[in-house]
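Engineer: Got a structure here, written out as structure tokens. Questions coming.
The values are calculated or read from the model by the stated rules, or taken from the named source; none is laboratory data. Here the structure is a predicted model, which means the values were calculated and not measured. As a convention, Cβ positions derive from the backbone with ideal geometry for all residues, glycine included, and neighbour counts pool all protein chains shown. All accessible areas refer to the heavy atoms of the entire protein, side chains included, with ligands and DNA or RNA removed. Shrake-Rupley method; radii C 1.70, N 1.55, O 1.52, S 1.80 Å.
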Amino acid sequence: MSESLVHHRQRLQAAQRRCQNLPMGEQSPLHGSELRRRLDEHAVLSVLESSIVADYAQLLEHWKSYLVMTDRDGVLLRSWGQSELIPDTARPLFSPGQPWSESALGCNAIGICLHDQLPTFVSGKQHSLHALRDLECSAAPLVDPRGDVDGCLAMFVDPRRVRSRTQGFVQVLAQQLENRRLIDAYGDGHYQLTFNNSPDNLDSPRAGLLIIDSAGQLQAMNARARWILGEHIPARLHWHQLCGTPWREARAHVEGRLDITFHGRLLCHARLSPPRRPQDQRAALHPAWRALDLGDSKLHHAILLAERLKDAGIPMLIQGETGVGKEVFVRALHAASQRADMPLVAINCAAIPSELVEAELFGYERGAFTGADPRGKIGRIRQAHGGRLFLDEIGDMPLGVQARLLRVLQERQVTPLGATDAYAVDIELVAATHRPLEEQVAEGRFRADLYYRLCGVSLPLPPVREREDLRQLVMSLLSDLATPLPPPRLSDALWSRIQSHAWPGNIRELENLLRVGMAIADGNMLDIDHLPALSATQRASLPPSVTRTAPSADSMSERLARHNGNVSSLARELGVSRTTLYKWLRDAEKRHASVVDDQATQGWPDQGIT
């Protein structure tokens, strides 16, 4: 028996011991928004479906096999292949959202693979569940461009039909996918060095792959290269340190064959490929950007500018009407940046009472004020250390807090309330607003020095009524809402109404209406009757521009009474968010209280009362 087979048997026995006392079947499948979130986080699915699965479709059909992909927690995200292979009793286990960890299904190849972070296979009665005992499963871990395991690829076959072991094939698929992800992540502007022990195997997925920048510094490598060269290679190692030869000599052989000696002892055959030529700008974007870049020229420009500046340390100000997707844009920016693994801390300045904004942002020591948490609080700015701080609705921040924030941004230090010591912070800053900050600066309601500190670059996002890619936007939302099922189609009448509607609530309004329509519709066609909230006769009034100011207190009181006190209904009429309307109401109450105090101090006007 080979050493590798002995090792596999030992790992299988260890897994069976781990699973002996586990309460299987107690984890419920994921549905709805949580499943959609996990699907959205795995852009690798599109790579897997568009290239690798398509390339091997005939082989998968020949083997009558069933291929599945899970995330790092073992939650099944997608499947392909011959569903008739799966026994009826096991079919529920292959639904999207079904957990396949050891704690969920006991001994199984996916669970063992994710536990050990190594390829494995489990056959027949080795499965804990009887429903899986007619199947054999081979599984291999999926590795992201940073070298971390973020999922599992597994193939199920009938061991009575397929005599050859399939674990080698699944490993090849996983390695091919890893290489594609690595090249997509670093391809533009980086050289690719492929190496192996034979010059005939340089195109094999099992070849080592190094990503090297134009200066000759190592940026990333695949798992095969890590195995060949050793796990503990220092980050950003230079070519000369790795191979003992000048980088310029290697670049002279670009697109040619090289014989390379690593660490002065390991001879390999290699090929150095140049950086990719500039491609279609959208195709070269990070997957988080591609999900937003559906064809609108204004949004595309904002994305390209944000992509160029994402790691430059330049503050960004995202501007746009309520509901255009400012927070989604910031999350895509963060995911595409070098700080993606660090915190993204978001705070809505309009949703926090003005007297608590300082404590929320800067934190406080215990006993700093009455009602404070006795343990103190670190504050949002320090929570974002090393990552990115997102200040939403920055235009609603009180002037006194603006001064303290400016000092933090200038000194890169924050002092909690009640403290004497300052803490250094390293943050990237992004702010967003639907208000005209330039006008607020001119009126003295927003500090000019803070505005110029925040607005290193302004990124306006278009409202839905101006989007050039409205159809693509609608279909993208429908696809997300319908996952994992196919999205419904739109009737011509409904599409005409969608085009004519003003969308004062923008994407938020559009998504909510589509969700309602899908819940009402019986089949796979959405018609105008399924979206009752759309006006039946005329184009809705345009939303207020970002220069919209609050109505008078009397006007708001009258309007609120007409809506029977329903704040959400009044907010829709005014074309603002509930958060903004609540702030307007609070400001009106404060103005009223101030007038009452002044009258109490100065005396009421003579009303003939003696």
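Engineer: Consider all pairwise Cα distances in segment 189-275 and report the whole-number % of them above 21 Å.
Structural biologist: The answer is 17 percent, as a whole percent.
Engineer: In addition: Taking only protein heavy atoms and a 1.4 Å probe, what accessible area per residue, in Å², does segment 469-541 have with all protein chains in place?
Structural biologist: Heavy-atom SASA per residue in segment 469-541 reads 53 Å².
Engineer: Can you tell me the convex hull volume per residue for segment 3-172, based on C-alpha atoms, in Å³ to the nearest whole number?
Structural biologist: For segment 3-172, the hull spanned by Cα atoms encloses 116 Å³ per residue.
Engineer: Could I ask something else about it? Sort 57-64, 478-485 for me by packing, meaning the mean count of neighbouring Cβ atoms within 10 Å per residue, highest on top.
Structural biologist: 478-485, 57-64
Engineer: I'd like to know how segment 281-426 sits against the 2.2 N^0.38 Å rule of thumb: what's its Cα Rg over that expected value?
Structural biologist: Ratio of Rg to 2.2 N^0.38 Å for segment 281-426: 1.17.
Engineer: Taking residue 64 as the anchor, which lysines have their alpha carbon closer than 28 Å to its alpha carbon, excluding any fewer than eight residues away along the same chain?
Structural biologist: Within the straight-line limit of under 28 Å, residue 64 reaches these lysines: 125.
Engineer: Something else: Share of Cα-Cα pairs in segment 282-353 beyond 20 Å, in percent? Numbers along the way, then the final one.
Structural biologist: Details: 745 of 2556 pairs.
Within segment 282-353, distances greater than 20 Å cover 29 percent of Cα pairs.
Engineer: Can you find, among 15, 70, 30, the residue sitting farthest towards the positive end of the charge dipole of segment 3-172, where Lys and Arg contribute +1 and Asp and Glu -1 at Cβ?
Structural biologist: 15
Engineer: Tell me the net charge near residue 339. Cut-off is 11 Å between Cβ atoms, residue 339 excluded, with +1 for each Lys or Arg and -1 for each Asp or Glu.
Structural biologist: -2
Engineer: I would also like to ask the following. Let me check I've understood the local charge: for residue 193, count other residues with C-beta under 13 angstrom from its C-beta, Lys and Arg +1, Asp and Glu -1. What total comes out?
Structural biologist: Neighbourhood net charge equals +1.
Engineer: Taking the Cα centre of each part, how many Å lie between segment 396-422 and segment 51-111?
Structural biologist: If you average the Cα positions of each part, the centres end up 52 Å apart.
Engineer: Then there's this: If you average over every viewing direction, what projected area does the convex hull of the Cα atoms of segment 52-96 give, in nm²?
Structural biologist: 3.4
Engineer: Just to confirm, what accessible area per residue do you get for segment 189-275 at 1.4 Å probe, in whole Å²?
Structural biologist: Accessible area per residue: 52 Å².
Engineer: To continue, here is another question. Considering the Cα positions of segment 469-541, please state its Rg to one decimal place and its Dmax as a whole number of Å.
Structural biologist: 11.4, 36
Engineer: Give, in nm to one decimal, the length gained when the segment between residue 410 and residue 515 is fully stretched (0.36 nm per residue of separation minus the Cα-Cα distance).
Structural biologist: 33.3 nm
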